[in-house]
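> Dumping the structure here so I can ask a few things about it.
No lab work stands behind these numbers, since they all come straight from the coordinates. This structure is a prediction, so every number in the text was calculated from the model and none was measured. Using ideal geometry, Cβ is built from the backbone for each residue, glycine included, and neighbour counts are taken over all protein chains shown.
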Amino acid sequence: MDKWEYRDVAINAHEFSELNKLGQQGWEAVGQTELGTILLKRKIPASPTQSVQKTKPAQSPNFDDDFGIPF
């Protein structure tokens, strides 16, 4: 499930450079509040899952050669 964070910013009606900067940071304008500020949202990145690596069981350090002699 996607998770979002929200914020609102007050900007001058003719000044969009702040919105452009926020847009480059992943913020999307989604509405306007009753106070006249712009409501923004952006997706919270999912935390990387930790993968479990399976390892082979440790082998005995004493191997026998073809003649039964350990080395």
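> Once amide H atoms are built 1.01 Å from N in the peptide plane, which residues 5 or more positions from Ile11, or in another chain, come under 5 Å H to H?
Ile38
> Moving to a separate point now. Net charge near Leu19, counting Lys/Arg +1 and Asp/Glu -1 over other residues with Cβ under 15 Å of its Cβ?
0
> All other residues with a Cβ under 13 Å from the Cβ of Leu40 taken together, and with Lys, Arg as +1 and Asp, Glu as -1, what is their net charge?
That works out to +1.
> What is the spread of the Cα atoms of region 4-43 along each of their three principal axes, largest first, in whole Å?
Extents along the principal axes: 25, 22, 10 Å.
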